[in-house]
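Report on one structure; see the data block that follows.
No lab work stands behind these numbers, since they all come straight from the coordinates. Please read these numbers as outputs of a predicted model, since none were measured by experiment. A quick note on method: Cβ atoms are made from the backbone with ideal geometry, for glycine too, and the neighbour counts reach across all protein chains shown.
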Amino acid sequence: MKKIFCLILICFCPLFVFSQAKKNLAAKKNAASKNSKETVKKEEIVTVFNEDYETGEKLFGLNKPAEAIPYFEKCVELENINPNVWIHLGVAYYQTGDFTRSLACCTRGLTKENTDHKILAYNAGNSAYALTNYARADACYAIAIREDENFGPAYLNRANAQLKQDHLQDAKQNYEKYLELEPKSSQRPEIERLISLLDEEIARRAKEKPELIDLDFANVKNDEVIVEQKEKVDYELPEEKVEDDEKDEELVRFEIVKAPPLPQKEDEIVENETEAEEPLKVVPEDEPVEIAFGGEEPVVEAVEKNVATAPVLVPEKAETEKMEEAVAVQDEKKEFFGQENLADALYSLPAGVVTLKALNASFSPNSPNSRQQKQIFNVSATDKNKIETYVLEITDEYGNTVKTIKGKKLPDKIEWDGKTDSGRLADGRFSAKISVNYRNNGSVDAEGNSFSCFSNVPQITLVPESDSFSPDGDGIDDKLSFKVSSESEALVKDWKFEVKMNNRTIYSKSGTGTPPENIEWDGKTNSGETVKDGNSLSYKMSVTDALGVSTQDSGKVEVTKSKKDPVVAKSVEISENPDGTVNIAIPTLSFKINSSELVNTEQNSQTLKKVYDILVDEKYEEYRVTITGYVNPDGEEWTTEEQVLALNRAKSVENRLKGLGVPENRMEARCGEGKSANKEYNRRVEFKLRK
């Protein structure tokens with residue numbers, strides 16, 4: 001019966017732990033006599049100071065795992081090196097996302113004496129889980145539990161791995177064990193709720209056929225693992241070099257024997273079933289001894305008998321270099337802790353386990369960050385040397401295949417630059433699946449997590465609300481105001497507004513997230529000065545999304561004097577212009593409604609009398625005068641009737657001044673134009689004198 005029950009409810013956040021450095025490192029073997037049955041004596045090994053290890057540990061402590069890795073890699077093959085190097089190197093690989101090498105490093109560390117097998121097994125389980133190899137993760141956690149039966153995090157993580165394999169009863173028991181060990185866990189309510197659901201499902205399955213059930217609403221997370229305190233190691237430099245004849249080590253040989261099949265549930269059909277890998281047989285030099293799967297030492301199987309997972313071999317008596325020479329799979333590239341170098345003797349799994357994981361939740365081909373310009377898929381598969389071909393397909397949210405990548409040798413990483421098979425840039429939500437064809441075991445498919453590709457750049461629009469700017473404090477156009485609109489498929493990371501004068505930034509303002517809808521600037525620079533009339537300025541606003549893609553909008557503005565609304569003079573006033581002309585401003589004259597006839601009022605008479613006095617003054621007696629009449633139009637544009645009315649009003653004033661004694665040939669009546677918000681000003685009469 002196929003496994004169709006889908007129980008996706010664990011948010012797996014594996015956390016590596018650091019073991020306590022051991023002052024008393026493991027003793028090497030030293031045969032005391034020729035008799036093979038004589039007791040082997042062990043002497044304490046001195047941990048020698050190593051500059052590479054110290055440098056790596058310093059970088060590791062500064063959270064620089066990528067920089068620490070090369071230093072740790074130089075140390076793993078050395079004698080008398082701090083055994084914590086296996087833990088630190090495994091963690092560093094994990095922190096840089098190289099789960100395959102992390103798994104290999106931890107498993108090789110398990111073959112070494114004096115290493116912390118509990119922590120290494122636990123870390124190996126976390127790496128296997130990150131590779132979605134839940135069977136291997138299950139087996140690794142079992143080793144950690146064997147080393148410390150009260151190690152609560154291993155029970156929780158193992159329950160997670162078992163749940164991923166649909167081993168409900170086993171998962172339930174390990175969740176209960178975790179709660180027993182960690183009664184004050186912050187996740188206790190969620191785990192108890194999950195256990196109740198598992199009880200119901202187990203009971204239902206006993207009577208009914210399993211069906212797809214979605215329990216995504218559960219939210220059980222891994223407990224945070226205790227970080228052990230590291231003790232300072234007192235390094236000692238050996239006074240004398242150890243001669244070669246003093247390194248009398250026991251030789252170990254390995255032979256492969258056929259393993260019995262693992263126990264399975266009666267109603268469970270394992271997909272992609274292959275012949276079991278042959279496990280390791282440890283054969284001392286003096287007498288071969290067969291050790292098959294199922295034995296207590298050194299083979300460790302999963303604790304629960306119904307867990308269909310590969311056993312994990314943890315040799316306890318093999319020396320470092322001899323073990324590595326016997327079990328390491330040789331590869332032409334000799335990649336350090338590469339997938340091809342995983343020792344078959346350490347983990348023997350059936351062929352056909354393939355995983356696919358997209359590393360970037362989103363990416364953009366336009367990103368300036370090379371890491372975010374492409375989607376990178378982590379690919380892992382067992383028995384890679386038996387793979388014949390592979391096909392990776394990327395599909396959009398509608399199920400259409402947009403990109404196909406094929407090959408023969410399956411790499412650890414596959415990159416996609418966002419271009420479809422037709423050469424266009426893709427945009428939207430996508431997912432990937434891979435089909436791996438084995439020479440002897442058919443085809444295995446795997447699906448990866450969904451992700452987004454953003455090929456469109458964000459948009460930003462900056463529109464000034466006024467075409468004039470005069471920060472002189474008169475209340476008119478004192479601020480430069482903009483309407484801002486932005487649009488971005490990816491989240492906006494930050495924005496910046498700048499004002500420049502002569503290519504020099506004089507003002508800037510920035511923020512995170514979506515930019516505000518309105519931006520205002522009062523004309524003051526960053527140094528507190530105020531821009532002046534006549535300054536030419538340029539402004540710009542830019543936005544950058546979470547993938548580093550930027551866009552901007554810009555423009556220019558001139559600093560000018562405020563345009564004040566015109567006002568009617570309170571009295572007759574004279575002003576001379578730079579061109580030699582003279583303006584006479586007067587209070588508004590009163591006309592009858594919709595008529596050019598002046599109303600006979602004292603104010604009208606006094607105003608015209610003062611204008612007459614100016615015109616006949618000897619200073620201005622040689623000037624000609626233009627009389628311009630205005631009206632308050634009903635609309636924005638003057639009608640013909642309104643133009644005629646304005647001209648006739650100017651002529652009425654001309655006739656009144658003529659009657660007072662101003663020569664007719666000095667005066668000219670005209671019709672004005674335009675409109676302001678001041679109705680009284682719209683009805684004015686203007687006098688302009690010129691020679």
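Full extension from Asp522 to Ile405: what is 0.36 nm times the residue separation minus their Cα-Cα distance, to one decimal in nm?
36.5 nm
Below 9 angstrom from the Cβ of Phe591, what's the summed charge of the other residues (Lys, Arg +1; Asp, Glu -1)?
+2
Where Rh denotes the Kirkwood radius from the mean inverse Cα pair distance, what is Rg over Rh for the range 573-690?
Rg/Rh for the range 573-690 comes to 0.96.
What is the sum of charges, Lys and Arg at +1 and Asp and Glu at -1, for the other residues whose Cβ falls under 14 Å from the Cβ of Asn655?
+1
At 7 Å along the Cα-to-beta-carbon direction for both Glu190 and Arg424, put a label point, then send me their distance in nm to one decimal.
Simple spin-label model gives 4.2 nm for this pair.
How big is the range 459-558 along each principal axis, measuring the range of its Cα positions in Å and listing the largest first?
The Cα atoms of the range 459-558 stretch 42, 24, 19 Å along the principal axes, largest first.
For the range 354-453, state the semi-axes of the equivalent ellipsoid (square roots of 5 times the eigenvalues of the alpha-carbon gyration tensor), sorted largest first and rounded to whole angstrom.
25, 14, 11
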